Number of protein chains: 2
Amino acid sequence: MTLDRRTFVQSSTGVAAAVAGFPYVRRRQDDRRVRMGLIGIGDRGTGTLRLMLRRDDVDVRAICDIDPEAIARGREQLDEAGVTDYGVYDQQEDDFRRVVERDDLDAVLIATPWEWHAPMALAAMRSGKWVAVEVPVAVTLEECWELVETSEETSMPCMMMENVCYRRDVMAMLNMVRDGLFGELIHAQCGYQHDLRFGFKFRPGVEFGPNASGPARWRTQHSVTRNGDVYPTHGIGPVSNFLDINRGNRFVTLTSTASKARGLHQHIVEHGGADHPNANVEFKLGDVVTTVLSCARGETVVIMHDTNLPRPYSLNFRVQGTKGIWMDDLRSVYFEERSARPHRWEEARPYQDEFDHALWKRYTSDAEGAGHGGMDFFVLHAFVESVKRRVPPPIDVYQSATWSAVSALSEQSIALGNHPVVFPDFTAGKWATNARDFGLSDEF
Amino acid sequence: MTLDRRTFVQSSTGVAAAVAGFPYVRRRQDDRRVRMGLIGIGDRGTGTLRLMLRRDDVDVRAICDIDPEAIARGREQLDEAGVTDYGVYDQQEDDFRRVVERDDLDAVLIATPWEWHAPMALAAMRSGKWVAVEVPVAVTLEECWELVETSEETSMPCMMMENVCYRRDVMAMLNMVRDGLFGELIHAQCGYQHDLRFGFKFRPGVEFGPNASGPARWRTQHSVTRNGDVYPTHGIGPVSNFLDINRGNRFVTLTSTASKARGLHQHIVEHGGADHPNANVEFKLGDVVTTVLSCARGETVVIMHDTNLPRPYSLNFRVQGTKGIWMDDLRSVYFEERSARPHRWEEARPYQDEFDHALWKRYTSDAEGAGHGGMDFFVLHAFVESVKRRVPPPIDVYQSATWSAVSALSEQSIALGNHPVVFPDFTAGKWATNARDFGLSDEF
C-alpha cells in the first residue's frame, strides 16, 4: 500500500485544505488493516505494543529489540494476544534494517532510545514504510532536515507520536482557542518539569549507562554530553497547535539559558556515596533550562526543561490572549467576558467539559485504560487511521522536525552564551498557507 | 545630622559585615526623630504620608507636588494629624529643589512618576539628604550609574522602597532559603503580572497623559515609547535577596523577549470606540515581556512583565533548589526531605508560619492597616530606622540600581533582537565579598 507520490503530494496540501473548510466532515473510510512492525520494546514500546494488540485494525508482524528481556516481554504479549505469525529481530544493532525491509509491512513504529529515532525513521521511509516515531523524532538539526527531505523524496509520511497533543484538557483548550475564547493569542508557556533523576521513581538508583535498567540505560547519558532543552515536544507540540505553527505561523527565533548542573551529582552522592564512581561524572545539562521563542505572528513562548531536581510533575502550560488566560498548574482559567468575578481565577474543569473535543467524546471508552490518561490511545489511533486512509498524519514530518529542533537550537543558543538563533523553516515557505490539520474532526 | 563621609564609608562595609556574623544582634539604638520631606502625593505618596504620620519618630516638614489636588490631599492629612509646621511646594516643576535644599530636613521620600525619581534623588543626595525613592529608582542605565556614583561621592544613602521584599511570605521564604530548606538554589522566577490597562481598575477609561487621572497620567506613556520590562523590581528585589545578589553573587547576563502589543489598543477600541483618538496610538510595549538572567553562581532567573492583558494578579514567584521548590501561584511548596508525599505539593502556609520572620513577629500590630498587606509599614520603617541609626539602609543604592537596571537592559536586549547583554556590576567588584544586609534582625 505504498502511496503514489503525486497522490501524496496532493493530499498533503489538498486534503488538509479541504478538510479545514469543513472541520467535521468525515474523511474517507478505509477498512484495511495496517500491518506493522515495532522497533524497541522498552518501557514505552511495551505500552504501545499493548495498545496495538487491542486494536482490531492492526496486525503486528515484527518486533525488534536487542535486549533479551525486552524481546521476552514482546513475545509474551503477542502470545497472550494469540498472535503467531510474527518475526523477531533481536540479534544485532542493525537488525532494524531487516524489519523495515520486510515487504509485508505497511508501517513501523519506533520506540527506541532518542539517538536511534532518526536513523531508523530514515531507513523505514527509504523502504517505503509509513513511520511513527516516539518523541523526539531527532536529536540534531541535520537529522531534522534529513527526515523532512527524505519524507519529501520518498513520499512516505513520518509522524512523531506526541501524545500530549491529545490530552483531554489540552484538546479542550485547543477548541477554546479556535472558538476565540482567548481572543488573539499573545503568549504561551509549557515545559517538561518531571523529576527523572536516574530513570523513573520506581527504579531508584545512581547507575546509568549499559548496566542500568530502564531509561537510565541511555537517557541519562544525554545529561552528560548535552546542555539544552533535550525534551521539548510534550510542551511545544500542544502549544504549536494552539499557535498554528506551520499552519499560518512559525517560530522565528529562540534564546535559551541553562542554570548550573547540581541535581544529578547531588543525587549520586546522597544515594551512592561520595566515593561512587558516578560521583566523578561531570554533568553538562543545566538543571533548569529556559527557552524563549518568538513567532512570526508576534507571540512569545517560554519552554522550561527541569528533570534533575526534586519537584512535582508539571507540563507548565499557559495560554494567554487578549481575552483570557489558562494556567495548567492552577487548573484555572480567566476570561474577561465570561468569568464571574473580575481578575479572579475560576476552575478550568467546567470549560474542559463544555469544550470537550469531538475525538474524546467519541472515543472515551476506547481510550480507557490506555497509557497516560488515555492520550496514548489517540496518538496511535491517529497514526493507524492515517495509514488506513492514506492521508497525511495530523502530526506530519514538518511538525515533528520543528518541535524536535528546539533541542538542537537550544543547545546552540546556550553554547553561544544565550545568543538568539534563527529557527529554520522546514516547510520551505508553506507555513504561511498551510491549512490547519490537527483535531479537525471526530475521526482521528 | 549629615553623616561624616569616612564614617559612612566604614559603616557601609564594616557594619554590614559585623551584623552578618551576629544576625540577631541589636543595632545601635537612636531616639532621634527623622525630619522628612515628601515629594509626590499621588496614589502612592498619599498612602506613604499616612504611614509617616502614624510614626512617632518622623516629623513631616515639607510636602511637594504640582498637582493642586495632590497638595490638597497632603494638607488634609497633615491638618488631621495636627501638624502645623510644614512647608508646601506646589508652584513649579523644579520646586523639589527647594525641598531638598531645606537645612532642617534629614531625609526626603520621593513618590513621583518614574522619570522624576533619579533627578530628584540626585538633587537630594547632593544636598546632603538621605533619600528614599519609590520603585524603580531610575529609568535609564545612565541614571543608575549616576545614582551609585553620587551616593559614593556624597556619602548619602539612597534606598529604593521595594516593599515586596517585606511581604510576609516572601520574608518567611527568605528564612527558609537561608536555613537551607531549598538546598543550593538553582532557579527563581518572578514578575509583575497585573492588569493595569489605563490606570487601575477603579479608574476605568481609555484616556492617558496630562488629562487623565492617576497613573494613566504618566505611566501609560511608558507603553508608547518603551519596549522592555519597565517594572521589574517587585519581583527581582525579593529574588535578589534569595540569591544573595551583590552579597556574594551577581547578575551577569540578560536576554529579553517581547510579544506583540495588542492589549491597550484593543482596550481603547472596545471602551472608547475605533474612532477614539487614542485608537491611533501605536504602543511599543509588548503585552508580555520575558526576561532571563544568569547569575555568577550559576542560577537562572525568569522575570515576566504582563500588565496590558486581562488576568488575575500574580508576582509569579518560584524558588527552586536542590532540595525543594516554592510556587507562589500555587501557594505551595515541595521539600524532598520534609514533604509527606513524594512528588506532591503541600500548602506553603504552615511553613510560612513556622519560618515567620522576626521582623513580622515583632511588628505585626504596627503593620496592621498599612498598605499592601502590611509590607508598606516595613519598608518605611527600614528607611526611618536606618536614618536614625546612621547605618546603610537594607536596600542600598547598589541594590536599587541593580534591580532598576533590569528595565534598561531588557529594552536593550529586545532592541537588539533578544541579544544577550552584559549586566553591569554597580559594586565595582564588592559583590563578591559584601556580607548580607537584609532581614538579619528583628530591628528593621
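The values are calculated or read from the model by the stated rules, or taken from the named source; none is laboratory data. Please read these numbers as outputs of a predicted model, since none were measured by experiment. Positions of Cβ are generated from backbone atoms using ideal geometry, with glycine treated the same way; all protein chains shown enter the neighbour counts. For accessibility, only protein heavy atoms count, side chains too; no ligands or nucleic acids. Shrake-Rupley method; radii C 1.70, N 1.55, O 1.52, S 1.80 Å.
Being open to solvent by 70 Å² or more (accessible area, probe 1.4 Å), part of a helix (DSSP H, G or I) and either hydroxyl-bearing (Ser, Thr, Tyr) or within 12 Å of B:Gly37 (Cβ to Cβ) (or both): is that true of B:Arg75 here? Considered against the rule, which asks whether it is open to solvent by 70 Å² or more (accessible area, probe 1.4 Å), part of a helix (DSSP H, G or I) and either hydroxyl-bearing (Ser, Thr, Tyr) or within 12 Å of B:Gly37 (Cβ to Cβ) (or both), B:Arg75 comes out as no. A count restricted to segment B:300-317 and to residues that are open to solvent by 10 Å² or more (accessible area, probe 1.4 Å) and either touching a strand residue (DSSP E or B) at 6+ places or on another chain (Cβ under 6 Å) or modelled with pLDDT under 95 (or both) stands at 1. The single residue among B:Gly205, B:Gly209, B:Gly272, B:Gly237 that is surrounded by 23 or more Cβ atoms within 10 Å (Cβ to Cβ), of a type outside the set (S, T, N, Q) and in contact (Cβ under 8 Å) with a residue 12 or more places away in the chain turns out to be B:Gly237. Remark: B:Thr253 falls outside the filter, which requires a residue to be in contact with a strand residue (DSSP E or B) (Cβ under 9 Å, 6 or more places away or on another chain), open to solvent by less than 30 Å² (accessible area, probe 1.4 Å), within 11 Å of chain A (Cβ to nearest Cβ) and not aliphatic (A, V, I, L, M). Residues that are open to solvent by less than 30 Å² (accessible area, probe 1.4 Å) and under 22 Å from the mean Cα position of the chain (by Cα) within segment B:408-429 comprise B:Ala408, B:Leu409, B:Ser410, B:Phe423, B:Pro424, B:Phe426, B:Thr427, listed in sequence order. Here the condition is being buried (at least 24 other Cβ atoms within 10 Å of the Cβ) and small (Gly, Ala, Ser); of B:Ala188, B:Ala123, it holds for B:Ala188 alone. A:Glu153 versus (1) closer than 24 Å to A:Asp329 by Cβ; (2) open to solvent by 20 Å² or more (accessible area, probe 1.4 Å): which is the lone unmet condition? All conditions are met except number (1). Inspect all residues belonging to segment A:396-411 and state whether any of them is more than 29 Å from A:Glu115 (Cβ to Cβ) and either assigned by TED's automatic domain parsing to the domain that holds A:Glu149 or assigned to a loop (DSSP other than H, G, I, E, B) (or both). The answer is no; no qualifying residue exists.
Of note, A:Val139 satisfies the criterion of being part of a loop (DSSP other than H, G, I, E, B), within 30 Å of A:Asp287 (Cα to Cα) and under 17 Å from the mean Cα position of the chain (by Cα).
Scanning segment B:322-358 for residues that are assigned to a loop (DSSP other than H, G, I, E, B), more than 10 Å from every other protein chain (Cβ to nearest Cβ) and hydrophobic (A, V, I, L, M, F, W, C) gives B:Ala340, B:Ala348, B:Phe355. Within segment B:157-195, being among the hydroxyl-bearing types (Ser, Thr, Tyr) and part of a strand (DSSP E or B) holds for one residue alone: B:Tyr192. Scanning segment B:280-292 for residues that are more than 8 Å from chain A (Cβ to nearest Cβ) and open to solvent by less than 10 Å² (accessible area, probe 1.4 Å) turns up B:Leu285, B:Val289, B:Thr291. For first residues located in segment A:65-81 and more than 21 Å from A:Gln92 (Cα to Cα), partners that are polar (S, T, N, Q) and open to solvent by less than 90 Å² (accessible area, probe 1.4 Å) and lie 6+ apart or on another chain with Cβ distances below 9 Å form the pairs A:Gln77/A:Thr46.
Looking at the structure I just gave you, is B:Phe383 closer than 20 Å to B:Val137 by Cα, outside the structural domain of B:Leu109 (by TED's automatic domain parsing) and assigned to a helix (DSSP H, G or I)? For B:Phe383, the condition - closer than 20 Å to B:Val137 by Cα, outside the structural domain of B:Leu109 (by TED's automatic domain parsing) and assigned to a helix (DSSP H, G or I) - is met.
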